[in-house]
1. Identify all residues within segment B:152-183 that are within 16 Å of residue B:111 (Cα to Cα) and either surrounded by 14 or more Cβ atoms within 10 Å (Cβ to Cβ) or touching a residue at least 60 places away in the same chain (Cβ under 8 Å) (or both); write none if there are none.
2. Would you check which residues across segment B:12-35 are in contact with a Lys or Arg (Cβ under 9 Å, 6 or more places away or on another chain) and within 18 Å of residue B:294 (Cβ to Cβ) and list them?
3. Could we say that residue A:128 is buried (at least 24 other Cβ atoms within 10 Å of the Cβ) and either among the small types (Gly, Ala, Ser) or in a strand (DSSP E or B) (or both) here?
4. Restricting to helices (runs of 4 or more DSSP H) lying wholly in segment B:35-147: which have 2 or more residues that are in contact (Cβ under 8 Å) with a residue 40 or more places away in the chain and within 14 Å of chain A (Cβ to nearest Cβ)?
5. When only residues in segment A:74-87 that are part of a loop (DSSP other than H, G, I, E, B) and in contact (Cβ under 8 Å) with a residue 12 or more places away in the chain count, which is farthest from the other protein chains (Cβ to nearest Cβ)?
6. Taking the condition at pLDDT 95 or above, among the hydroxyl-bearing types (Ser, Thr, Tyr) and part of a helix (DSSP H, G or I), does residue B:287 pass?
7. Residue by residue through segment A:29-68, note down the ones that are in a loop (DSSP other than H, G, I, E, B), surrounded by 18 or more Cβ atoms within 10 Å (Cβ to Cβ) and of a type outside the set (Ser, Thr, Tyr).
8. When the residues of segment B:215-224 are narrowed to those that are assigned to a helix (DSSP H, G or I) and closer than 10 Å to residue B:239 by Cβ, which ends up nearest to the other protein chains (Cβ to nearest Cβ)?
Amino acid sequence: MCALLWADNVSFRYAAGAPLVVDGVTVRLTDGALAGILGPNGSGKTTLLRLLSGTRRPTSGRVLLGERPLDQLSRREAARQIAVVPQETELAFEYRAIEIVLMGRHPHLGVFTVEGPDDIRIAHEALAATGTSHVAERMFHELSGGEKQRIVIAAALAQSAHLLLLDEPTASLDLGYQLEISSLLLWLNQEQGVTMAISTHDLNLAASICRELILMRDGRVLAAGPTADVLTPENVMRLYDVEADVRINSETGHMTVVPVRLAAPKRNREGGRISR
Amino acid sequence: MSIRRRIVTVVAAFATFAIAVMIWAPTVGSTPISLARAFDRSIPWDDNVDAQIFFVARLPRVLAGGLVGATLAAAGVVLQALLRNPLATPFTLGVSAGASLGAMLAVTMRLEMTVLGITSIPLASFAGSLVATAIVYALASSQRRGLSTNVLLLAGVTLNAFFSALILFVQYLADFAEALRAIRWMMGGLDVGSYFPIVAALPFVLISFVAFAMMTRTLNLLSVGTEAAAARGVEIVRAQRLAFMSASLATGAAVSLGGPIGFIGIIVPHLVRLIVGSDHRIVLPASALFGAAFLVLCDLAARTLMSPIEIPVGVVTALIGGPFFLWLLVKRS
């Protein structure tokens with residue numbers, strides 16, 4: 001099957017002489033895919049998403065969007081096809097939720113064009129899809145964590161892109177909101193046909209919604225493939241140095257990962273006493 | 001109400017206020033004049049004292065106030081969004097310190113040249129602002145590809161301090177009268193004397209305002225986050241470069257015309273955001289218009305409050321601006 005978004009042996013370093021953050025990674029996202037990118041802190045997940053969205057150019061290798069190299073597209077052209085939900089959204093000034101969502105229309109508007117009825121309709125559809133219509137007129141900074149994250153996702157949806165890249169969409173949310181966001185993402189993928197890649201620390205989130213997984217460590221891909229094949233105790237060990245119990249939960253039918261113990265101490269504690 | 005309608009309505013309201021202030025202000029002063037008499041073409045110019053006071057003494061000053069106020073307020077809005085920092089001012093990145101050093105050098109070195117009716121002090125201060133902008137830009141873009149706003153901020157703050165030290169040094173070596181003249185310039189003043197300096201500053205301001213007008217939606221996106229803005233189709237480096245260059249150019253022109261008048265670039269945007277929200281398509285033009293009206297009113301106070309003594313307009317803006325800003329901070333927290 002033809003890849004919709006294809007990172008072909010890409011490497012990246014943030015500055016000349018700095019170490020490679022992404023090192024020879026190949027990723028294929030097919031149309032309709034729901035892929036999870038897993039890996040410990042600093043494994044290059046966020047950077048890989050930036051390369052896939054085209055906001056950074058690979059130091060070597062190339063990213064193809066359909067048939068075309070991504071770096072041949074202008075940022076506007078790319079943004080009409082690929083939307084991103086960043087890890088954190090920190091506003092410099094206060095905006096209403098609807099204003100944030102309407103900003104997703106940016107790549108579709110000319111320099112002096114103002115959002116018209118169609119743009120407003122699309123923004124309201126995005127609000128409805130994320131269940132946030134009732135907070136549209138509220139100030140963004142007054143919303144709860146889950147509402148904020150849903151507004152940011154709505155802004156990405158308002159971009160009318162068929163590819164959505166999410167960077168740790170549930171990282172700062174409590175259990176209830178995590179479930180809420182994961183069911184929203186699953187619905188967007190299955191009912192709305194949005195192709196997605198999600199970077200996450202949450203193995204159980206990935207196991208419950210992602211059909212394929214990409215495991216990254218130290219900027220390299222350790223394993224990639226269907227979730228059931230990739231999410232094994234051996235791979236969890238290679239990824240996190242953690243012994244884990246991986247089994248199918250009888251209630252949900254999803255794979256669940258229960259960490260059991262550290263295989264090797266990650267940091268050498270030097271055994272001194274903390275004086276009190 | 002559609003978004004376009006809202007933008008037009010709000011900006012029109014601010015424009016009405018600004019125009020009203022700028023028509024009213026020249027009629028007020030130590031000598032009362034009548035607008036009707038000033039515009040009465042049947043009275044010969046030589047006999048029409050009202051017209052002379054209006055067109056020669058007061059209108060240039062009001063227009064200069066409008067231009068400087070609009071520019072500083074708009075440049076403040078652009079820099080606050082660029083640096084993602086509500087406390088940024090048009091002077092944060094060293095432009096005014098460069099301009100002040102230029103003016104100081106022109107005074108102490110007794111540069112007495114005139115180009116197209118523009119005297120040496122505005123010329124030297126504009127040159128100084130360009131030099132400061134170039135230094136800050138070179139520092140901020142040297143580290144890696146693109147512009148680092150953190151380095152931009154650090155370089156600006158450092159350059160401000162360094163240039164201030166140079167200004168003090170030059171001032172210390174200068175004689176008393178020169179030093180006083182330079183200090184007086186740094187307090188700001190809109191008594192430009194003729195229309196020439198305004199016409200000379202206008203092209204730089206207009207070019208910058210065209211750039212501002214093109215970047216309003218981009219400034220919204222930058223306020224939400226640089227990475228998110230890039231993902232929504234903003235060419236970040238190009239946008240940052242354009243914002244920095246245009247804001248610096250406009251500020252340099254405004255400072256060369258009126259001196260480094262403080263507080264306009266920070267109070268006006270804050271006040272306008274309180275009234276209209278944070279959409280830069282409204283905040284930017286509304287701040288420019290309100291900045292124009294605000295500075296003209298401050299200058300009106302400067303020339304009438306202690307008449308016949310004139311208070312430097314920079315002192316008035318600081319005296320009003322300081323307490324007002326503190327009140328704003330306390331009220332909001």
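1. Correct list: B:170, B:171, B:174, B:178, B:179, B:181, B:182.
2. B:25, B:26, B:28
3. Numbers: buried (at least 24 other Cβ atoms within 10 Å of the Cβ): no; either among the small types (Gly, Ala, Ser) or in a strand (DSSP E or B) (or both): yes.
No.
4. Fully inside segment B:35-147 and qualifying: B:59-82.
5. Here is the first cut: in segment A:74-87, the ones part of a loop (DSSP other than H, G, I, E, B) are A:74, A:80-81, A:86-87.
Keeping just the survivors that are in contact (Cβ under 8 Å) with a residue 12 or more places away in the chain gives A:80-81, A:86-87.
Working: A:80: 7, A:81: 10, A:86: 5, A:87: 9 Å.
Per the criteria, the residue is A:81.
6. Working: at pLDDT 95 or above: yes; among the hydroxyl-bearing types (Ser, Thr, Tyr): yes; part of a helix (DSSP H, G or I): yes.
It is true that residue B:287 is at pLDDT 95 or above, among the hydroxyl-bearing types (Ser, Thr, Tyr) and part of a helix (DSSP H, G or I).
7. Just the residues of segment A:29-68 that are in a loop (DSSP other than H, G, I, E, B), to begin with: A:31-33, A:39-44, A:54-59, A:66-67.
Filter again for surrounded by 18 or more Cβ atoms within 10 Å (Cβ to Cβ), leaving A:33, A:39, A:43-44, A:54-56, A:58.
Selection gives A:33, A:39, A:44, A:54, A:56, A:58.
8. Taking segment B:215-224 and keeping what is assigned to a helix (DSSP H, G or I), we get B:216-224.
From what is left, the residues that are closer than 10 Å to residue B:239 by Cβ are B:218-219, B:221-222.
Numbers: B:218: 8, B:219: 9, B:221: 6, B:222: 8 Å.
The qualifying residue nearest to the other protein chains (Cβ to nearest Cβ) is B:221.
The values are calculated or read from the model by the stated rules, or taken from the named source; none is laboratory data. Treat the numbers as computed from the prediction; the structure is a model and nothing was measured. Here the Cβ is made from the backbone with ideal geometry for all residues, glycine too, and neighbour counts use every protein chain on show.
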